[in-house]
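The values are calculated or read from the model by the stated rules, or taken from the named source; none is laboratory data. Only a predicted model underlies this, so the values are computations on that prediction, with no experimental measurement involved. Positions of Cβ are backbone-derived with ideal geometry, glycine not excepted, and every protein chain shown enters the neighbour counts. SASA here: full protein model, heavy atoms, side chains in, ligands and nucleic acids out. Shrake-Rupley method; radii C 1.70, N 1.55, O 1.52, S 1.80 Å.
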Amino acid sequence: MEALAQARVRRPELAARFMEAQDAARLFRPGMTVGMSGFTKAGDAKALPRALVERARGEPLDLTLITGASLGNDSDGLMANAGVIARRLPFQADASLRRKINTGEVMFIDQHLSETAEQLRSGVLPAIDIAVIEACAIREDGSIVPTMAVGNSASFVQQAKQVIIELNLAAPVALEGLHDIYVPRPRPGREPIPLTHPGQRIGATAIAVDPARIAAIVVTNSPDSPSSVLPPDTETDAIARHVIAFLEGEVSAGRMTPQLLPLQAGIGTIANAVLHGLTQSSFRGLTMYSEVLQDSAIELLDAGQLALASASSITLSAATHERFIANLDKYRDRIVLRPQEVSNHPEIVRRLGIIGLNTALEFDIYGNVNSTHVGGTHMMNGIGGSGDFARNGELAIFVSKSEAKDGAISSVVPMVSHVDHTEHDVDVLVTEWGLADLRGLAPRERAPVIIEHCAHPAYRAQLRDYYERALLRGGQTPHLLEEALAWHERYRRTGTMQVT
Ligand code: COA
């Protein structure tokens with residue numbers, strides 16, 4: 001193990017910085033701001049989170065923890081429960097941390113994923129004291145070769161007083177070359193990001209660092225947590241069919257070529273299933289400019305339908321991960337991993353004309369979307385990159401099953417209980433029942449289309465009744481304000497949104 005690790009550290013003087021995780025954990029002080037690699041469970045530090053949990057016994061560390069996105073290995077939950085984390089941003093997807101957020105014990109800043117690096121650079125966020133970055137190798141010049149995610153790692157390293165590298169022997173060195181590290185310069189006077197094609201490489205293949213700031217190298221040997229997305233089901237298959245028919249219509253209408261525009265697909269079971277559905281389509285020569293690649297992206301690459309994919313992380317099930325690693329050479333020229341600031345950058349998303357496919361918890365009869373807050377108050381995961389793509393892309397498509405919790409909740413409601421994506425940003429809504437194309441429609445035209453095409457039949461009469469009575473009050477966007485959130489309140493009180 002020692003020889004294997006040393007072979008991956010190509011700058012001999014750094015051999016002196018090998019350290020056990022518990023010793024590296026002593027570098028941390030209460031209240032510090034820490035930047036950790038990791039994006040949707042990929043490329044996260046494996047040893048330091050657990051060592052920090054030990055370190056915090058008897059002395060809460062109350063760190064501000066900034067990552068790319070969610071961590072794997074239950075790290076977020078373990079750290080939250082042990083008092084390692086007091087503040088957390090910009091995204092999480094852990095049940096234990098979610099509980100701490102919703103009881104108010106951990107302060108969670110739910111942020112567009114493109115913005116964190118910008119706020120670090122401008123000094124809005126406190127500067128990073130320690131960066132913990134997973135790597136598969138360290139080069140001769142000390143630069144860090146990331147693993148399955150880039151996330152915010154390059155920005156953390158630029159700023160951190162000390163850098164701890166977790167050298168993961170389970171991540172093949174063959175990942176080297178997959179990454180494209182470009183960090184926008186400070187303002188004023190910033191140049192445009194010179195990226196005009198999803199597959200273009202504009203930066204370095206490793207993260208530059210002054211080797212003097214590398215405080216420790218901790219050796220690990222554990223794979224990323226496998227993704228936990230569920231396989232497609234009848235409803236997600238139906239959603240996929242509606243999306244495909246819509247995109248075919250865009251091609252027939254001459255608004256897109258058969259290669260479409262670059263696709264983005266959000267995290268979770270539904271978005272993955274919709275993208276998987278594209279394997280049943282006749283589309284060829286597709287491209288992706290996304291933030292995360294899930295199993296479905298690899299399936300499309302394998303099927304020859306996806307020509308290339310750009311993202312900030314790759315999060316796969318165990319079986320797909322194994323196939324991906326075994327065939328890395330096959331994928332190498334067709335995948336680029338970038339900092340999330342670039343993968344999600346509004347400038348690039350608008351320039352390339354991304355088709356954004358993201359998931360809603362609920363949406364309302366006028367097209368506002370809630371992706372984050374259950375019942376309007378309780379955080380699920382966070383907005384992630386959905387806002388980066390929805391606001392700036394060519395098409396913002398939001399998908400959802402029409403009901404949740406065995407029909408007790410309608411995903412189509414009179415008024416969303418929290419707004420992540422406003423009616424101004426949302427182009428298309430899709431459930432298993434159908435698709436509502438909202439482009440060019442005024443609110444009074446949108447409501448009937450959303451109710452009739454997307455709502456579950458069990459809730460349509462209730463929605464029609466609300467809308468018809470709201471129309472009597474008038475307005476650009478008619479509402480009965482005293483009733484607008486009554487559906488959520490009814491669910492809280494009686495366990496169902498249905499009027500019984
Ligand atoms: N009210 C309450 N709960 C709801 C709900 C609603 N309107 N709609 C769905 N849910 C619940 C489901 O019942 C399920 O609960 P469970 O885990 O207890 O079974 C859970 O939310 C997840 O829903 P699911 O249908 O399995 O969808 P998913 O795995 O595709 O996740 C989101 C959906 C919205 C939670 C997820 O996509 C997300 O976090 N999105 C925001 C971030 C984002 O879009 N990023 C995109 C760029 S990466």
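Taking amide H as placed 1.01 Å from N in the peptide plane, V219 has its amide H under 5 Å from the amide H of M19, L167, each at least 5 places away in sequence or on another chain.
Accessible surface calculations at 1.4 Å, restricted to protein heavy atoms, place segment 217-274 at 43 Å² per residue. Extension gain for the segment D329 to Q200, taken as residue separation times 0.36 nm less the Cα-Cα distance, is 44.6 nm to one decimal.
Distance between the modelled labels on S252 and R99, one decimal in nanometres: 5.1 nm (7 Å Cα→Cβ projection). Distances between placed amide hydrogens fall under 5 Å for F39 paired with D44, A69, all partners being 5 or more residues away or on another chain.
If R0 is 30 Å, the Cβ-Cβ spacing of S222 and E347 corresponds to a FRET efficiency of close to 0.25.
Give me the tail of P(r) for the chain as a percent: Cα-Cα pairs with distance above 40 Å. When all Cα pairs of the chain are counted, 22 percent exceed 40 Å.
Count the DSSP beta bridges whose two residues both fall in the chain, then state the antiparallel fraction as a percent rounded to the nearest 5. Rounded to the nearest five, the antiparallel share is 25 percent. Extension gain, E468-T234: 0.36 nm per intervening residue step, less the Cα-Cα distance, totals 81.0 nm. Within the chain, what whole-number % of the accessible surface is contributed by carbon and sulfur, with the 1.4 Å probe and all protein chains included in the calculation? C and S atoms contribute 52 percent here. Segment 1-42 and segment 471-500 have their alpha-carbon centroids 53 Å apart.
For the chain, what is the mean residue ellipticity at 222 nm derived from helices alone (per DSSP H run of n ≥ 4: -39500 (n - 2.57); sum divided by total residues; nearest 500 deg cm²/dmol)? Computed ellipticity for the chain at 222 nm equals -8500 deg cm²/dmol. Under the combined filter of DSSP loop state and at most 16 neighbouring Cβ atoms within 10 Å, segment 102-191 retains these trypsin sites (Lys or Arg not before Pro): K161, R190. The residues of segment 11-113 expose on average 37 square angstrom of accessible surface per residue, using a 1.4 Å probe on protein heavy atoms.
Note on the chain: with charges restricted to the Cβ of Lys and Arg (+1) and Asp and Glu (-1), its dipole about the Cα centre is near 700 debye. Remark: segment 371-451 carries 33 Å² of accessible area per residue (probe radius 1.4 Å; ligands, DNA and RNA excluded). Straight-line cross-link reach from K161 at under 13 Å between alpha-carbon atoms covers these aspartates and glutamates, not counting any fewer than eight positions away in the same chain: D129, D210. Using the Karplus relation 6.51 cos²θ - 1.76 cosθ + 1.60 with θ = phi - 60°, the per-residue 3J(HN,Hα) values for segment 309-322 come to 9, 10, 7, 10, 7, 10, 10, 10, 5, 4, 5, 5, 4, 4 Hz, with x marking Gly and Pro. Between A170 and I109, residue separation times 0.36 nm minus the direct Cα-Cα distance comes to 18.8 nm.
Using the Karplus relation 6.51 cos²θ - 1.76 cosθ + 1.60 with θ = phi - 60°, the per-residue 3J(HN,Hα) values for segment 195-211 come to 10, 10, 8, x, x, 5, 9, 10, x, 9, 8, 8, 8, 5, 8, 6, x Hz, with x marking Gly and Pro. Hydrodynamic analysis of segment 372-412 uses the Kirkwood radius over alpha carbon pairs. Inserted into Stokes-Einstein at 25 °C and 0.890 mPa s, it gives a translational diffusion coefficient of 204 µm²/s.
Using the Karplus relation 6.51 cos²θ - 1.76 cosθ + 1.60 with θ = phi - 60°, the per-residue 3J(HN,Hα) values for segment 175-191 come to 5, 4, x, 6, 8, 9, 9, 10, 10, x, 7, x, 8, x, x, 5, 7 Hz, with x marking Gly and Pro.
Note on L481 and A404: with the Förster distance fixed at 35 Å, the Cβ-Cβ geometry gives a FRET efficiency of about 0.90. Under 5 Å between amide hydrogens, built in the peptide plane, is the criterion, and for A265 it picks out E291, V292, L357 among residues at least 5 positions away or on other chains. Inter-label distance, T494 to R284: 5.5 nm, where each label sits 7 Å from its Cα along the C-beta direction. Other residues lying with their Cβ under 15 Å from the Cβ of Q476 contribute a combined charge of 0, Lys and Arg counting +1, Asp and Glu -1. Here is the link list: K41/K100; K46/K405; K46/K401. Which ones come out longer than 29 Å on Cα distance? Listed pairs above 29 Å: K46/K405; K46/K401. Legend: residues D427, D302, sorted from most to least accessible area (1.4 Å probe; ligands, DNA and RNA excluded), read D302, D427.
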